[in-house]
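First comes the structure, then the notes that go with it.
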Number of protein chains: 2
Amino acid sequence: MTQNSTHNNHSPSTVHRRIVALAGGVGGAKLAQGLAQILAPEELTVIVNTGDDFEHLGLYICPDLDTVCYTLAGLANPETGWGRANESWNTIANVESLGGPAWFRLGDQDIATHLERTRRLREGQSLSQITKDFCSAWGIQHTVLPMSDAPVRTMVDTDEGELAFQEYFVHRRCEPKVKGFRFDGVEGAEPVVGAKEALEQADAIVICPSNPWVSVDPILQIIKTINKPVVAVSPIIGGKTVKGPAAKMFDELGIEPSALAVAKHYRNILTGFVLDKTDSLMEDDVKNLNVQTLVTDTLMNHLTDRTRLAKDVLHFIGSL
Amino acid sequence: MTQNSTHNNHSPSTVHRRIVALAGGVGGAKLAQGLAQILAPEELTVIVNTGDDFEHLGLYICPDLDTVCYTLAGLANPETGWGRANESWNTIANVESLGGPAWFRLGDQDIATHLERTRRLREGQSLSQITKDFCSAWGIQHTVLPMSDAPVRTMVDTDEGELAFQEYFVHRRCEPKVKGFRFDGVEGAEPVVGAKEALEQADAIVICPSNPWVSVDPILQIIKTINKPVVAVSPIIGGKTVKGPAAKMFDELGIEPSALAVAKHYRNILTGFVLDKTDSLMEDDVKNLNVQTLVTDTLMNHLTDRTRLAKDVLHFIGSL
């Protein structure tokens, strides 16, 4: 990956520009939703991690892709961040009563997504085509792309051996200590049709506040080369993550979890970095990495927070 | 198939005897439930048609088997006869909104059965083992067996060409005119473990009021030889079926649909035949086939009707 330090000519007040956002699940989906509130459909492409995808109960499940789509469509469960709002759980309750695996909580509406996606994949349709059709059915106007149509599987090396990601993440609740990561299949995986074009036409790349190790790194490995300014939003606030095991992973890998640690993780491709006000004391350390900074509120509980942060990020991009 | 005219020594008042019931879907399930109200678990084995089984939305669906099990477990939808009581339809509604196939109405609870069965089949478990486990989970004490663990697929030859059974039955609503039937895979299919033993130990075989052409014939072709008294309950009352296309099939095959036509269909194996009171004028014609008869109420709307008919059938068997 190469850093491109060319600044574009947009004035800071021009928030409308072409953006490619890289996103994992919940945190990434929130910022993507904020960006979608401001940017026109042709101005935003969200490339989503599919390293978490897995087959379960015979269903092909794409947790991050679905979280991003449900969130953009306004269908996401506001309590959990994942799954559907107003969800019912009759199928999984009955699977459980039959002695089947119920550790991955699949809601009844959500199962429809997996059933129909699995059916179409078996028919030979690509994941990107299916995602496009689903986005259309859900009324999503911005472009959402899986990082690849080829299967890439995040494998977590732990003190209990290597675990498939969902086995580690959901079934084992991130309890085993992390030693490293491997993205099975990533070498041969190409970005989907439209991703390269979006990256070429983009004014900037936004790395959403997603897990650097298991949500963003797989996407970056597939994209391979970035020739545009990259702005990352820290998923770590005050040494902790809002959701998910990113901070725990840094810690277990021997790195003190912090916004600074995230900036260091991305330093080879980073133009700008967005820290929470809680971490303002780290701003100078980040600047010392030769990275420009924005300090703002990065917590995104409600849509207004998401839109405001997206606006801040777009202004920051305009100022780079 | 050979008819065995040996009468057993039970007195008519002894209703408890070992029975093997052959059943298709709704009608068969109703009589099986009636029999299960009277007979002890070790006295009743229900062998169920699986020629209607099909794969749909990636799910392995056994309509008749599930109808029999749901009915015996008291979980069946009393309105439709198929599917689950207190069912929700959130998954299929969402499959439909994604443009997926929704013509086969799968409820949320029902989908759990198919998901978990499909998962186990892919793991290499047999349909009979899975059925045994599901019956246990559902609290069914009597033995329910699929007719075979090998896939047998009922194909309907129609004036629009050959159609897979559910395509004909549900998707095309039995509209194409029937010319004949073929049970794909039936030649190599063996009865499941336990079926031969149950047939050997049985005092009599009861053919439930199911469709002779597409529900009972596949089972009979798999069983091949019957050396026990066979009593059939007519699924045709007053020239019509309570549910399903049996009468329409007789008609399209050039046979006037009637209880007599059903008795003639089974004449090679029949010891006794149960007609509805509506058809009492046909009793002599059936007797002329060298078949003993019972005329009674055969409509089974409620559990009390099912139990009463089962009791009548068992007394009739005792009198043969």
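Bear in mind that the values in this text are calculations on the coordinates, not laboratory data. Predicted, not measured: the structure shown is a model, and the values here were computed from it. Cβ sites come from the backbone with ideal geometry, for glycine too, and all protein chains shown count toward neighbours.
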- Inter-probe distance in nm under a simple model that places probes 7 Å from Cα toward Cβ, at residue B:175 and residue B:281: 3.5
- Item | Inter-label distance, nm, simple model (7 Å from Cα along the C-beta direction), residue B:55/residue B:253 | 2.9
- Just rank A:234, B:126, fewest to most, by other beta-carbon atoms within 10 angstrom. B:126, A:234
- Task: Using DSSP to define loop residues, name the GluC sites (Glu not before Pro) in the range A:186-258 whose beta-carbon has at most 11 other beta-carbon atoms within 10 Å.
- Result: A:187
- Message: Residue by residue through A:110-122, how many Cβ atoms from other chains fall within 10 Å of the Cβ on average?
- Response: 6
- Antiparallel content of DSSP bridges confined to chain A, in %, to 5: 40
- Query: Where the centroid of each part is defined by its Cα atoms, how far is the range A:273-293 from the range B:208-286 in Å?
  - Reply: 83
- So for the protein assembly as shown: antiparallel DSSP bridges make up what percent, rounded to the nearest 5? 40
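Report relative contact order for chain A in percent, whole number only (criteria: Cα-Cα under 8 Å, sequence separation at least 6). Don't jump to the answer; show the numbers that get you there.
Working: 660 pairs, mean separation 77.5, N = 320.
Contact order relative to length: 24 percent.
Counting only other chains, what is the mean number of Cβ atoms within 10 angstrom of the Cβ of each residue in peptide A:52-61?
Details: counts 0, 0, 0, 1, 2, 6, 11, 5, 1, 0.
Other-chain Cβ atoms within 10 Å of each residue's Cβ, averaged: 3.
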- What's the FRET efficiency of residue B:85 with residue A:288 using the Cβ-Cβ distance as r and R₀ = 51 Å, to the nearest 0.05? 0.15
- As a check on your grasp of the helix formula, calculate [θ] at 222 nm for chain A: sum -39500 (n - 2.57) over DSSP H runs of n ≥ 4, divide by the residue count, round to the nearest 500. -10000 deg cm²/dmol
- Query: What residue among B:137, B:23, B:261 has the largest mean-square fluctuation in a Gaussian network model of chain B, using Cα springs under 10 Å?
  - Reply: B:137
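At 20 °C and 1.002 mPa s, grab the translational diffusion coefficient of the protein assembly as shown from Stokes-Einstein with a Kirkwood Rh over Cα pairs, rounded to a whole number in µm² per second.
Numbers: Rh = 27.8 Å.
Value of D from the Cα-based Kirkwood radius: 77 µm²/s.
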- Query: Hey, what's the Cα Rg ratio for chain A versus the globular rule of thumb, 2.2 N^0.38 Å?
  - Reply: 0.95
- Message: Connecting C-alpha atoms closer than 10 Å in a GNM of chain B, tell me which of B:218, B:41, B:235 has the biggest fluctuation.
- Response: B:41
- Item | Among A:265, A:302, A:142: highest mean-square fluctuation, GNM of chain A, C-alpha pairs under 10 Å | A:302
- 5 angstrom amide H check on residue B:293, placed H, neighbours 5+ away: B:273
- Arrange the following residues from fewest to most other Cβ atoms within 10 Å of their Cβ: B:39, B:44, A:127. B:39, A:127, B:44
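Using the Kyte-Doolittle scale, which helices in chain A average at least -1.0 and also have C-alpha atoms spread 20 Å or more along the helix axis, with helices defined as whole DSSP H runs? List each step's numbers first, then the result.
Working: long enough: A:108-123 (23 Å, -1.64); A:303-319 (24 Å, -0.06).
Qualifying helices, which must be both long enough and hydrophobic enough, are A:303-319.
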- Applied in sequence order to the range A:176-191, the curve 6.51 cos²θ - 1.76 cosθ + 1.60 (Karplus, θ = phi - 60°) yields integer Hz couplings, x standing for Gly and Pro, of x, 6, 7, 10, x, 9, 9, 10, 4, x, 5, 4, x, 7, 9, x
- For residue B:25, residues with placed amide H under 5 Å, excluding near neighbours: B:211
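How much net charge surrounds residue B:163 when only other residues with a Cβ under 14 Å from its Cβ are counted (Lys, Arg +1; Asp, Glu -1)? Kindly include the intermediate steps, with their values, before the conclusion.
Working: positive: B:153, B:172, B:173, B:177, B:179, B:182; negative: B:52, B:157, B:159, B:160, B:162, B:167, B:175, B:184, B:252.
Counting the neighbours of residue B:163, the net charge comes to -3.
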